[in-house]
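This report refers to the structure that appears directly beneath it.
The values are calculated or read from the model by the stated rules, or taken from the named source; none is laboratory data. The structure displayed is predicted, hence computed values, not measured ones. Note that we place each Cβ from the backbone using ideal geometry, even for glycine, and neighbour counts take in every protein chain shown.
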Amino acid sequence: MFHSAQSTSPASLADKNSTSGDPRRDSEFDQIFAEWKATGDPRLRERLILLQHNLVAYLAWRFVDRGEAMEDIIQQGTIGLIQAIDHFDPARGVRFYSFAAPTIIGEIRRYFRDKASVVRIPRRVQDVHRAINQKIDVLTQELNRSPTHLEIARSLGMEAEEVIEALEMGMVADPVSLDDSLPCIDGAPAVVSDHIGESDPALELWNDKASLQSALSSLSQQERTVLEYAYFEGYSQAEISRRLEVSQMHVSRLLRRSLARLRAILIKEQ
């Protein structure tokens, strides 16, 4: 049905008024569109697509430096064009170019997201996400505003939770870089990484705590108990002596001996 695009430059596209600046072309499109809507003739639909081929090529040139073949980008943009033609309603008073351009660009961008995504989204979720985005374009034109999740769900016969999940999964496929710029705060430039968070002191001490736990397990039960009473529960030597029913001097010797053994174990493990 479609032929590969010939080598086309932005200048030649501009000469052909590919951005819908030619009244004769607009008039021809409007006339054929009206005939197609009245008859449903697939040949008229194909003529509409061919009439707007330059529009797709013009928009596709924005993505020419992203490492993909121009023919592939145009082919993907043509899918967006077909969707725009199928859902366009002249009665809304919007020119076809204004309605179609966001749909074409959106389809091309989805193509690049699918190709370069660092997170592999299941194909079923990708298809649902694509269907939702197409429905958003249609409902936005019909309602003259952005549709709610509930409105999208009802139009697709889905639950609102399914719509939200699919949209969130689609966002995962296009993660934000830590180096992306943010609006200036107090006149100073900022990037995403500036607001990610700070180091967790508890996490930084995890290795020390793990080493201490291992060293304590090497002590006798009495040595561990003395250290726990003194340094974890904050008991005085007099309180420890009463609990263990030993003299305070014995507690003092136990503490010195336990700390010495603990220190030696930790030094050995380093």
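Numerical summary
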| item | result |
| --- | --- |
| Sole exception among (1) modelled with pLDDT under 80; (2) surrounded by fewer than 18 Cβ atoms within 10 Å (Cβ to Cβ); (3) not hydroxyl-bearing (Ser, Thr, Tyr) for LEU13, by number | (2) |
| ARG261 loosely packed, with under 15 Cβ neighbours inside 10 Å and over 51 Å from the mean Cα position of the chain (by Cα) | no |
| Some residue of the stretch 151-158 being at pLDDT below 85, of a type in the set (Lys, Arg), assigned by TED's automatic domain parsing to the domain that holds ALA100 and at negative phi | no |
| Total residues in the stretch 55-66, condition surrounded by fewer than 21 Cβ atoms within 10 Å (Cβ to Cβ) and either in contact with a helix residue (DSSP H, G or I) (Cβ under 9 Å, 6 or more places away or on another chain) or at pLDDT 90 or above (or both) | 5 |
| Close pairs from the stretch 115-136: first part of a helix (DSSP H, G or I), partner at pLDDT below 80 and of a type outside the set (A, V, I, L, M), Cβ under 6 Å, at least 6 apart | HIS129/GLY170 |
